[in-house]
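> I'd like to ask you about the structure that follows.
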Amino acid sequence: MPVELPILGTDAHYTVAPTKIVCLGLNYREHIAESESVRVRGFGHDIPPEPVLFPKLPSCLIGPEDTIRLPKIVESYGFDSIRTDYEAELAVIIGERCRNVDESDALSVVFGYTCANDVSQRNIQNGDRSGWFRGKSFDTFLPVGPAVVPAAQIADVQNLRIRATLNGSVVQESSTSEMIFTVAAMISYISRNFTLEPGDLILTGTPSGVGPLAVGDTIDVTVESIGTLKNTVDRER
C-alpha cells in the first residue's frame, strides 16, 4: 500500500510506492554474531563476500502509527514457539532510473532517506524451502516513516545513529558506520543486477539486538536526522 510521508524541511509530501523493495541481510557484523539466537537458515558467522539480497512486497508497507499485525496463518502450523521480530533499518529511496551505477556516483541517484522496520516472521523465514521471501513479506511487515529526508540534507549517510526501543526500552543501538557494505556500495551492486526505478526502496540491514514482537507492544525505530517511526502490534483478525 502506498504511504504518504512529509518531506522534512518542506511543505511537500512524498508518496512511498515502490515498484520493488530490495533488502540487505547480514550487513552489520554484530548482527551476524547473534545469528544463533535468531536461528534463521542462511545466517552464519562469516562476513558475506558480497551483499545478501532478498525482496519484500510493496503490499507490506504501512506508515507511522499504523499497526503491525501478526499473521494468522502462522498459528495454523503448530509451531512450539512463534517468533516475529523487529529490525530497525535505514531505508534509501531511489530518485532516478539507473543501471550499472559506479560506486563513486551511487549517492547521486538517491532521492532521500527514511526509517524502516523490516518485520520478519522467523518460523516461516527459517522453514520455507524457497528462502526468506514469504517470512519477510506478510501484510504490515514494512513500516516506514515518519518523514522523508532529501539526500542533500544528510551530510554523511555513513555516520547516523540508529536505535530501536521496545515498550520504551532500548533494544538496538548502533550507527550506519558499522555497516559492512556502505549505502553507495549496495546501490552500485544492486544496480548491476537489477534496473532501479524512481521510488524503489533499498533496506540497508539491521544491527544486533533484534527480538520478538508480541500483541500490545510498541516498537520505535529512530534514525539520526530523520526522526522516530512508531508502530503498535496486534494480531491479524
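No lab work stands behind these numbers, since they all come straight from the coordinates. Bear in mind that the values here come from a model prediction, so they are computed numbers and not experimental data. Methodologically, a virtual Cβ is constructed for each residue, glycine included, from the backbone with ideal geometry; neighbour enumeration extends over all protein chains shown.
> Where does each of D217, D105 land when they are ranked from fewest to most other beta-carbon atoms within 10 angstrom?
Taking fewest neighbouring Cβ atoms as first place, the list is D105, D217.
> Going by a ≥ b ≥ c, the root eigenvalues of the Cα gyration tensor, does the stretch 138-237 fall in the rounded group (a/c under 1.5), the prolate group (a/b larger than b/c) or the oblate group?
prolate
> Grab the other residues whose beta carbon is less than 13 angstrom from that of D66, score K and R as +1, D and E as -1, and report the net.
Net charge in that neighbourhood comes out at -2.
> Sticking with this one: Each residue of the stretch 54-70 in order: what ³J(HN,Hα) in whole Hz does its phi give by Karplus 6.51 cos²θ - 1.76 cosθ + 1.60, θ = phi - 60°, with x for Gly and Pro?
Going residue by residue, I get 8, x, 10, 7, x, 5, 8, 5, 9, x, x, 6, 6, 9, 6, 10, 5 Hz, with x marking Gly and Pro.
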